[in-house]
Amino acid sequence: MRTKAAIAASVLIVGAQTASADTRSYQGDDFSIDTYSRTQMWVCDQESDGHEVKAEFRVNGYGNSLYLYDTDGANNGCQKLGSYANKIYQHRTIEVRNAFPDIVGGWVYPL
Ligand SMILES: [Ca+2]
Ligand SMILES: [Ca+2]
């Protein structure tokens, strides 16, 4: 008589660490994040509060701030901009409000 042994293979899924240390600037749950070794900018609305969110960011070699907008006020994915030839060296999240001052997240400086 043959005995069949069932072997349960358990697969451990470990959260993948991205190659670069992506850095986030939060405003509430909304955030901006640099990705792809600081060459691409994302801005992610996580609140569905009707307010537009934008990332203000600066890239090495450019004098002025650049902006990336998530305008629909809904938590439905991130907007992306890049890739840049040079590195993003600072960014922050800003919630845009029409009748009130914008709410500005802290600058972050990705390494
Ligand atoms: Ca918001
Ligand atoms: Ca959105």
Which of THR39, THR93, THR71 comes first, and how do the rest follow, when ranked by fewest Cβ neighbours within 10 Å? THR71, THR39, THR93
Tell me, ARG38, ARG24, ARG92 in order of fewest to most beta-carbon neighbours within 10 Å? ARG24, ARG92, ARG38
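Read the figures in this text as sums done on the coordinates, not as results from a lab. In this text, all values refer to a predicted model and were calculated from it rather than measured experimentally. All Cβ positions, glycine included, derive from the backbone under ideal geometry; neighbour counts span all protein chains shown.
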